[in-house]
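The next block holds one structure in the form of structure tokens; read it before the comments.
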Amino acid sequence: ESLRVTAVRVHPGGARVVGTRSFDDAMHHAAGVWGTEYAAFLRKHGCAHVAATVLLPRREVMVRHLALPGVSDKDLPSAIEFQMDGLHPYREEDVASSWARIPGTSSVLVAITRRAVIERFVTLFGEAGIQVGAFTCSAAVIHAALRMFREEPPQSGLLAYESTESGFEIYGESASRAVFSASFAPPLERAAAMAAAELRLEPDNAPVNLD
């Protein structure tokens, strides 16, 4: 229920975090109060003109990995739409989704949430006076961040985790699966072993802590 804000400047030679700010229990306080503090944070770091990219809570997003070999970019939208009903349990009118081809692969990463979730955050940030430019999910963010200043992560595969209120969020990549993202209950050892099996990595592949 807290809001964490990070301002980052990106240059060809690297990225630098210029400021961070946390608003504890923000969802239960008046939006105008922490919205004013957010605006002051932006002004302090010279980025008052920048719209926010909102990272949706992992529990609110279903991440799906589709392998679509032989499907051209032109035909991707219809191919994904054909499979969409089987990727989530919601009614069609209740769904908000987005997708992107994973560069260099025949796979597609699909993010699905309930439209009510998007509308709730749009309303909340609107009340706080915060300009929102986009919504995203952790799998897309991590995949892009790993490649911001290098072409590919280690060829041996990658397994990483972050602690959550209910357990662990695990992200992974391997030769057999371009992107893996899922939430698991404790213990971490069991969660990592299950993720490694999905990725076809060695069971003793130690996960990296993203906290």
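Table for the structure above
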quantity	calculated
Carbon plus sulfur fraction of accessible area for the chain, probe 1.4 Å, in percent	53
Those trypsin sites (Lys or Arg not before Pro) in segment 1-82 that DSSP places in a loop and that have at most 12 other beta carbons within 10 Å	LYS74
Residue-normalised accessible area of segment 125-211, given per residue in Å² at a 1.4 Å probe	57
Gap separating the Cα centres of segment 154-209 and segment 20-74, nearest whole Å	24
SER107 versus ASN209: modelled label distance in nm, points set 7 Å from Cα along the beta carbon direction	2.7
DSSP bridge pairs, segment 1-140: antiparallel proportion in percent, nearest 5	85
Residue with peak Gaussian network fluctuation, the chain [Cα springs, cutoff 10 Å], from GLY167, GLY13, GLY35	GLY13
Hull-based mean projected area of segment 37-115, where the convex hull spans the alpha carbons, in square nanometres	7.8
Kyte-Doolittle mean at least 0.5, axial Cα span of 20 Å or more - DSSP H helices of the chain	none
Helix-only mean residue ellipticity at 222 nm for the chain, each DSSP H run of n ≥ 4 adding -39500 (n - 2.57), per residue, nearest 500	-8500 deg cm²/dmol
Approximate spin-label separation GLU165-HIS45, in nm, with each point projected 7 Å along Cα-to-Cβ	2.4
Separation of the GLU92 and ASP73 label points, Cα + 7 Å toward Cβ, nm	2.8
Prolate/oblate/rounded call for segment 130-211, Cα gyration tensor, a/c under 1.5 rounded	oblate
GluC sites (Glu not before Pro) restricted to DSSP loop in segment 73-167 with at most 12 other C-beta within 10 Å	GLU151, GLU165
Relative contact order [Cα under 8 Å, 6+ residues apart], the chain, whole percent	17
Computed E for SER156/HIS11 - FRET, C-beta separation, R0 25 angstrom, nearest 0.05	0.25
Farthest positive-ward along the chain dipole, Cα basis, beta-carbon charges - from HIS45, ALA134, ALA7	HIS45
Distant-in-sequence amide H partners of PHE135 (H built 1.01 Å from N, under 5 Å)	VAL54
Student exercise, segment 1-152 dipole from Lys, Arg, Asp, Glu Cβ charges, in Debye to nearest 20	620
Where Rh is the Kirkwood radius over Cα pairs, Rg/Rh for segment 1-152	1.01
5 angstrom amide H check on GLY19, placed H, neighbours 5+ away	ALA7
Cβ-based charge dipole, the chain, positive-most Cα from MET62, ALA195, THR36	THR36
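The values are calculated or read from the model by the stated rules, or taken from the named source; none is laboratory data. Treat the numbers as computed from the prediction; the structure is a model and nothing was measured. Neighbour counts run over all protein chains shown; Cβ positions are idealised from the backbone, glycine included. We work out accessible area using only protein heavy atoms, side chains counted, and drop any ligands, DNA or RNA first. Shrake-Rupley method; radii C 1.70, N 1.55, O 1.52, S 1.80 Å.
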